[in-house]
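Chemist: Encoded as C-alpha cells, here's the structure I'll be asking about.
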Amino acid sequence: MFDANIFMVGIENKTSDPNCSFANMKELYLIPLFESFKEIIVHQKVYNELDEERKNFVNSYKNVTIVDENNLYGLDPKYTTIFNNIARCMDYERHMSKDQGEVYSLAYAAFHNINYFCCKEIKIDYLSNELIELKDVQVITFDIIVLLAFIYYNSRKDMSHNKALKAIYKRYCEDVIKRHKLPQTLKEYFLACQNYI
C-alpha cells in the first residue's frame with residue numbers, strides 16, 4: 001500500500017532543480033518500486049491527492065488496485081476502532097484534508113492485514129511502532145525505496161542512475177538516517193544490507 005508522499009519527493013524543488021521533476025523521480029525510483037511488487041494498493045483518498053501526471057502514472061500499471069473504505073466506518077466496530085485510534089494519534093478529525101490519505105490508508109491496511117505501507121512521513125514511522133493496531137503493518141520508509149531502486153538497476157547492470165540515487169538518499173533520507181542510525185551513504189547502506197538481500 002502506497003501513500004501520496006512517495007509520489008511527491010522533490011516537489012518543493014521541481015521548478016528550481018530539474019533533477020526534482022516528476023519525470024526524473026519516476027525514472028529514478030517509482031518505476032523500480034512499481035515493478036517490484038506484484039500487487040499495489042492505493043487508497044482512493046491518496047489517489048485523490050495526486051495530480052493528473054501522477055494519476056496517469058499509477059493508472060499505467062495493471063498491478064494497482066484503488067480501494068476505499070466501503071462504508072465500514074460506523075458500521076464495523078473493529079474498523080471504526082482502528083480508524084479512531086489512528087486518527088486520535090495523528091490529531092486527525094474525520095474528513096479533514098491534512099493527513100487524510102495516511103489515516104484512511106493505515107486504517108485500511110490494519111483492518112485488511114496489509115503487510116506493507118510505503119511512506120515518507122516521519123510521524124507514520126513513529127506511529128507504526130507505538131500503535132497496537134499497526135503491529136502487523138511494516139512501514140517501508142523512503143531509504144528502503146531508494147535501496148530497492150539501487151538494487152533494481154544494478155541487478156540489470158544499469159549503473160546510470162547510481163549517482164542520482166546516491167544524491168536522493170543523502171538529500172531525502174536524512175531524517176530516517178538519523179532516526180534509525182543508518183549508514184550515511186547509499187553505498188554503505190547497500191553493503192550493510194547485503195546479508196539480508
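Chemist: So Lys157 ticks every box in (1) on the phi > 0 side of the Ramachandran plot; (2) within 17 Å of the chain's Cα centre (by Cα) but one. Which box is left unticked?
Modeler: Result: Lys157 fails condition (2) only.
Chemist: Would you mention how many residues in region 156-187 are surrounded by 12 or more Cβ atoms within 10 Å (Cβ to Cβ) and either aliphatic (A, V, I, L, M) or assigned to a helix (DSSP H, G or I) (or both)?
Modeler: 18
Chemist: Could you look through region 96-155, keep only residues that are of a type in the set (Phe, Trp, Tyr) and surrounded by fewer than 22 Cβ atoms within 10 Å (Cβ to Cβ), and pick out the one that is farthest from Leu72 (Cα to Cα)? Spell out how you get there, then give the answer.
Modeler: First, the residues of region 96-155 that are of a type in the set (Phe, Trp, Tyr): 104, 108, 111, 116-117, 126, 142, 150, 152-153.
From the residues that got through so far, the ones that are surrounded by fewer than 22 Cβ atoms within 10 Å (Cβ to Cβ) too are 111, 116, 126, 152-153.
Details: Phe111: 10, Tyr116: 21, Tyr126: 26, Tyr152: 38, Tyr153: 41 Å.
So the residue we want is Tyr153.
Chemist: I've got another one for you. Could you tell me whether Glu53 is among the acidic types (Asp, Glu), surrounded by fewer than 16 Cβ atoms within 10 Å (Cβ to Cβ) and either more than 23 Å from Phe34 (Cα to Cα) or not assigned by TED's automatic domain parsing to the domain that holds Asn129 (or both)?
Modeler: Numbers: among the acidic types (Asp, Glu): yes; surrounded by fewer than 16 Cβ atoms within 10 Å (Cβ to Cβ): yes; either more than 23 Å from Phe34 (Cα to Cα) or not assigned by TED's automatic domain parsing to the domain that holds Asn129 (or both): no.
Considered against the rule, which asks whether it is among the acidic types (Asp, Glu), surrounded by fewer than 16 Cβ atoms within 10 Å (Cβ to Cβ) and either more than 23 Å from Phe34 (Cα to Cα) or not assigned by TED's automatic domain parsing to the domain that holds Asn129 (or both), Glu53 comes out as no.
Chemist: A follow-up question, please. Only residues that are touching a residue at least 12 places away in the same chain (Cβ under 8 Å), among the β-branched types (Val, Ile, Thr) and either closer than 20 Å to Val103 by Cα or not in a helix (DSSP H, G or I) (or both): list them for region 34-80, please.
Modeler: Within region 34-80, Ile40, Ile41, Val42, Val46, Val64, Thr65, Ile66, Val67 qualify.
Chemist: Suppose we keep only residues that are surrounded by fewer than 20 Cβ atoms within 10 Å (Cβ to Cβ) and touching a strand residue (DSSP E or B) at 6+ places or on another chain (Cβ under 9 Å) within region 7-39. Which one would you say is modelled with the lowest pLDDT? Break it down stepwise before answering.
Modeler: Step one: filter region 7-39 for residues surrounded by fewer than 20 Cβ atoms within 10 Å (Cβ to Cβ), giving 8, 10-24, 26-27, 31, 34-39.
Narrowing the set further to residues that are touching a strand residue (DSSP E or B) at 6+ places or on another chain (Cβ under 9 Å) leaves 34, 37, 39.
Values: Phe34: 95, Phe37: 90, Glu39: 93.
Top of the filtered list is Phe37.
Chemist: To continue, here is another question. Can you say whether Asp136 is assigned to a loop (DSSP other than H, G, I, E, B), in the same structural domain as Lys170 (by TED's automatic domain parsing), within 30 Å of Pro32 (Cβ to Cβ) and of a type in the set (D, E, K, R), as far as the supplied structure shows?
Modeler: Details: assigned to a loop (DSSP other than H, G, I, E, B): yes; in the same structural domain as Lys170 (by TED's automatic domain parsing): no; within 30 Å of Pro32 (Cβ to Cβ): yes; of a type in the set (D, E, K, R): yes.
Considered against the rule, which asks whether it is assigned to a loop (DSSP other than H, G, I, E, B), in the same structural domain as Lys170 (by TED's automatic domain parsing), within 30 Å of Pro32 (Cβ to Cβ) and of a type in the set (D, E, K, R), Asp136 comes out as no.
Chemist: Restricting to region 116-153, name every residue that is under 22 Å from Thr81 (Cβ atoms) and aliphatic (A, V, I, L, M).
Modeler: Ile124, Leu127, Leu131, Ile132, Leu134, Val137, Val139
The values are calculated or read from the model by the stated rules, or taken from the named source; none is laboratory data. No experiment lies behind these values; they were computed from the predicted model shown. Don't worry about glycine lacking a Cβ; one is built from the backbone with ideal geometry, like all the others, and counts go over all protein chains shown.
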